[in-house]
Amino acid sequence: MKKQFAVIGLGRFGGSICQSLSEQGMEVLAIDLNEDKVNEFANIATHAVVADTTEENTLKSLGIRNFDHVIVAIGDNIQSSILTTLMLVEAGVKHITVKAQNDYHEKVLNKIGAHKVVHPERDMGIRIAHNIVSKNVLDYLELSDEYSIVELMAGQSVHGKSLIDLNIRAKYGCNIMAIKRDEEINVSPDATQDLRKGDIIIVIGADEDINRMEEDLF
Ligand code: ATP
Ligand code: ATP
Ligand code: CA
């Protein structure tokens, strides 16, 4: 059986989730207070309804607890976002993902039982900042305050050298998890094989170790 998703709030964030889920062939119920938004998604989502999700009876009549995953993408109205999330938790929805507007909002959402809280503006800001500071950093995923996974572009400085030549794990304490070359991705790279300019190297480790390695080698 197809997974059933509901997206509450059809702003840019919720709207793009709704669109992408629909494109992947998922069943999606699109919900918004605003009739124009709902009309916009009438031909994209499986169903689109005008509803205020802060009203408990409305949520019940939508049968919200039967959905596999509900995404709350109400942005500016933090109170509505929290109230909606609380009622979804109380209804026993299995997977609830909520967009947070700021750190306090995030804290509250975690406290009341949201399963996943996302903070797209902040996270994208961090990624872009890393990318601006170092032209070799293509992408960045924060694992914790100290550890990350980083995608680095191999340049001339490492061209023709192997992981053994560079001695990365021993010298910097971080691990190359994978190497992307053209369309190929090698998830257990051979330490003896030479890197090439243009390879994309995916490295996991402590931020300070990755920075040190990047400054020395890239
Ligand atoms: P964006 O993703 O574009 O940045 P945003 O974060 O600014 O959006 P808003 O525009 O504040 O988010 O809200 C997203 C949508 O959520 C809006 O279309 C709004 O009508 C809808 N919304 C707000 N409150 C409710 C509610 N109680 N029930 C249903 N939909 C709601
Ligand atoms: P060690 O026990 O010192 O980690 P090893 O037995 O794994 O070494 P090799 O696989 O031959 O030995 O690798 C030699 C060195 O090459 C490692 O010590 C390390 O510095 C580097 N190296 C090998 N593979 C990786 C990797 N995936 N990521 C980072 N460095 C690597
Ligand atoms: Ca916004």
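The values are calculated or read from the model by the stated rules, or taken from the named source; none is laboratory data. Computed from a prediction, not measured in an experiment: that's the story for all the values here. Using ideal geometry, Cβ is built from the backbone for each residue, glycine included, and neighbour counts are taken over all protein chains shown.
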Cβ-Cβ under 8 Å pairs, at least 6 apart or on other chains, the range 116-145 side within 13 Å of Asn211 (Cα to Cα), far side of a type in the set (Asp, Glu) and part of a helix (DSSP H, G or I) | Ser134/Glu214; Asn136/Glu214; Val137/Glu214
Strands (runs of 3 or more DSSP E) within the range 118-217 that include 2 or more residues under 23 Å from the mean Cα position of the chain (by Cα) and within 30 Å of His95 (Cα to Cα) | 137-142, 147-153, 200-206
Which residue out of Val98, Val137, Val158, Val117 is touching a Leu at 6+ places or on another chain (Cβ under 7 Å) and within 16 Å of ligand 2 (Cβ to nearest atom)?
-> Val158
Only one of Ile128, Ile149 is at pLDDT below 90, under 30 Å from His105 (Cβ atoms) and not aromatic (Phe, Trp, Tyr), namely Ile128
Taking Asp190, is it exposed (fewer than 15 other Cβ atoms within 10 Å of the Cβ) and away from ligand 1 (no atom under 16 Å from the Cβ)?
-> yes
